[in-house]
Amino acid sequence: MPESVEYKIVPSSGRLFHWSELWHYRELFYFFTWRDVKVKYKQTTLGVLWVVLQPVVQVLIFSVFFGRALKVPSEGIPYPVFVFSGLLLWTFFSSSINNAGNSMLAHSAIIKKIYFPRLIIPISTVLASFLDLLVAFVIFVLTLIFYQVHADFFKLIFFWPIALFFTLTGTLGISCWLAALNVKYRDFRYVIPFALQLLLFLTPVIYPVSVINYLWLKYILAFNPLSGAIALFRMPLIPSQQPAEFIIISLVSSILFLVLGIYYFKRTEDFFADIA
């Protein structure tokens, strides 16, 4: 009979970020990210074209119903460009949250066998969605050219990277938090899609913040980490700007979500192998 192999589960260090450990296992980032990309488009006829079709179809639908039928203002730029600038970040956010929420359960077999920083799993899931964002970004640039939208180049190279950074920050934090929660409370796999549907309408994706007349509601929306990121992303494109205080609140919430999300993940990761 072949000898049985025992796998050792090594407890986590307890630190919020163990940079040297993450760097030591850096090849796993590539492995898990590329694996998620291949699984996502395996046996699909259109493949990566789905990354293009999803935002384009959404832009068309929102433009017809909200732009033309309901006459939702678009801050001086064509409504398709306005809604695309929001959907670009929102699609990345929702896809990352949805996939990361189930990531720990999907990798439960390997979690039980060997040790590696568990944080790699939700981060790799987010990175896989970030590749989709880059593809959709190219389509967004072509949309700007098609509608002849004049963007301030200096604002563009300054605000777009910042907007992407804070989008990634908030997304990582929430993804890690939900990934850990879903291991212990399996009901979250059903809560996450429903919550994302509601959150779309609580994010200034299809409407500008200027249409909201209640100051208290603007402050509530400001705690949405995507609110400030979308406002920053639109800054090179639109003349009117959202008040700085709302943007700052949103950006601070992104950082808080990152710290708290990773903190909760690290607090619970020692039990993943027992629960997953």
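For segment 42-134, the alpha-carbon coordinates run over 56, 30, 20 Å along the three principal axes, in decreasing order.
Excluding the sites themselves, what is the longest stretch of the chain that contains no GluC sites (Glu not before Pro) in a DSSP loop with at most 11 other C-beta atoms within 10 Å? Value returned for the longest uninterrupted segment is 7-276.
On a 0 to 90° scale, report how tilted helix 244-268 is relative to the longest principal axis of the chain, with both axes built from alpha carbons and the result rounded to the nearest 10. Between helix and principal axis, roughly 10 degrees. Under a Gaussian network description of the chain, with springs only between Cα atoms under 10 Å, the residue in V51, V183, V138 that fluctuates furthest is V138.
Against the longest alpha carbon principal axis of the chain, how many degrees, from 0 to 90 and to the nearest 10, is the axis of helix 153-184 turned? Roughly 40 degrees between the two axes. Across segment 62-203, Cα pairs under 8 Å and at least six residues apart give a relative contact order of 36 percent. Mean-square fluctuations from a GNM of the chain, with a 10 angstrom spring cutoff on Cα atoms, peak among F246, F146, F130 at F146. Helical runs (DSSP H, four residues minimum) scored at -39500 (n - 2.57) apiece and divided by the length of the chain put the mean residue ellipticity at 222 nm at -22000 deg cm²/dmol. Per residue, the convex hull spanned by the Cα atoms of segment 213-261 measures out at 69 cubic angstrom.
GNM remark for the chain: springs join alpha carbons under 10 Å apart, and the peak mean-square fluctuation among V126, V52, V259 falls on V52.
Where does the longest stretch of the chain lie that holds no trypsin sites (Lys or Arg not before Pro) found in a DSSP loop with 16 or fewer other Cβ atoms within 10 Å? No qualifying site falls inside 72-185, the longest such stretch. Simple rule: put +1 on each Lys or Arg Cβ and -1 on each Asp or Glu Cβ in the chain, find the dipole, and look at L215, I249, A179; the Cα lying farthest toward the positive end is A179.
In units of the rule-of-thumb radius 2.2 N^0.38 Å, the chain shows an alpha carbon radius of gyration of 1.08. Backbone phi angles across segment 80-92, fed through the Karplus curve with coefficients 6.51, -1.76 and 1.60 (θ = phi - 60°), yield HN-Hα couplings of x, 5, 4, 6, 5, 4, x, 5, 4, 7, 5, 4, 4 Hz in residue order; Gly and Pro are listed as x.
Of interest is the spacing of the C-alpha centroids, which for segment 88-160 and segment 179-194 amounts to 20 Å. Counting only alpha carbon atoms, the long axis of helix 120-146 and the longest principal axis of the chain meet at about 20°.
Only the coordinates and a few stated rules stand behind these numbers; no lab work does. Note that this is a predicted model, so its numbers are computed, not measured. Glycine gets a Cβ as well: all are built from the backbone with ideal geometry, and neighbour counts include every protein chain shown.
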